[in-house]
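Trainee: My questions all concern the structure below.
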Amino acid sequence: GMVLCINSQNNQTLWQSKLNGQIIRSLAFDGERLFALSRNGYLRCFNPQTGAIYWGQNFTVHFYCSPLVTKNRLYIASYEGNVTVLNKTNGTLIKHIPLHSPIYTALSATDNLLIVATSDGMLRGFSHGLTQLWQIELDAPAAIPALISNHLITIGTFQKSLYLLERSGGSVAQ
């Protein structure tokens with residue numbers, strides 16, 4: 001795949017960089033860094049202005065959902081059922097979370113909550129410290145990423161069910 005930066009005013013290519021393999025659906029951007037991930041595990045962190053590579057890693061697993069960037073972290077989730085949490089500035093490993101079920105649905109997060117939906121229909125909430133807070137079994141795998149609001153989490157499944165869950169404990173909202 002190729003990462004291109006194109007000037008929206010004149011459609012001129014400002015910079016481009018080759019990334020081994022097909023690039024996942026969308027890139028992650030935090031205003032200072034641009035993150036690109038390929039299906040076969042090539043991850044690069046770019047300077048969005050110049051295209052310079054700040055850092056990169058090559059993983060030996062496969063990916064189907066886009067990377068997610070938050071205040072200090074980059075989250076990537078693999079087909080093999082692992083969530084890898086990296087320091088977004090330098091790419092160092094913060095934590096590896098094995099969930100043992102493929103992850104196809106994009107992750108959702110705030111500064112203090114990470115939501116992970118796996119293909120076995122499980123939905124899990126993790127604290128900022130990456131400790132699992134709760135888990136709920138959905139009627140089917142999640143069809144869309146979770147939407148996190150102040151008090152609720154909303155998520156839809158492939159069985160066309162819509163769940164409203166309490167953010168604090170993952171229980172069904174009343």
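The values are calculated or read from the model by the stated rules, or taken from the named source; none is laboratory data. Every value quoted in this text rests on a predicted model; they were computed, and no experiment measured them. Note: ideal-geometry Cβ built from the backbone for every residue, glycine included; neighbour counts use all protein chains shown. Accessible surface is based on the protein model in full, side chains and every heavy atom, while ligands, DNA and RNA are left aside. Shrake-Rupley method; radii C 1.70, N 1.55, O 1.52, S 1.80 Å.
Trainee: Leaving out ligands, DNA and RNA, what percent of the accessible area of segment 26-163 is carbon and sulfur, probe 1.4 Å?
Mentor: 51 percent
Trainee: How many percent of the alpha carbon pairs in the chain exceed a separation of 30 Å?
Mentor: For the chain, the fraction of Cα-Cα distances above 30 Å is 21 percent.
Trainee: Subtract the Cα-Cα distance of residue 92 and residue 131 from 0.36 nm times their separation in residues, and report this length gain in nm to one decimal.
Mentor: 12.2 nm
Trainee: Quick one: putting +1 on the C-beta of Lys and Arg, -1 on the C-beta of Asp and Glu, what dipole do you get for the chain around its Cα centre, in Debye to the nearest 20?
Mentor: Roughly 400 debye, rounded to the nearest 20.
Trainee: Could you provide, to the nearest whole Å², the per residue accessible area of segment 89-174 with probe 1.4 Å?
Mentor: Per-residue accessible area for segment 89-174 comes out at 53 Å².
Trainee: Also, I was wondering about something else. Could you calculate the contour length gain from residue 25 to residue 154, that is, 0.36 nm times the residue separation minus the distance between their Cα atoms, to one decimal place in nm?
Mentor: Result: 44.2 nm gained on full extension.
Trainee: Taking Rh as the Kirkwood radius computed over C-alpha pairs, what is the Stokes-Einstein D of segment 71-174 at 4 °C in a medium of viscosity 1.567 mPa s, expressed in µm² per second?
Mentor: Translational diffusion coefficient: 94 µm²/s.
Trainee: Sort all Cα-Cα distances of segment 58-126 into consecutive 10 angstrom bins from zero, then give the percent of pairs in each bin up to the one containing the longest distance.
Mentor: Over segment 58-126, the share of Cα pairs per 10 Å bin runs 21, 59, 19, 0 percent.
Trainee: Pick out, from 157, 51, 96, the residue whose Cα sits farthest towards the positive end of the charge dipole of the chain, with +1 on the Cβ of Lys and Arg and -1 on the Cβ of Asp and Glu.
Mentor: After comparing all options, I get 51.
Trainee: Something else about it: Quick one: the Cα spread of segment 1-76 along its three principal axes, in angstroms, biggest first?
Mentor: Projected onto the principal axes, the Cα atoms of segment 1-76 cover 38, 27, 19 Å.
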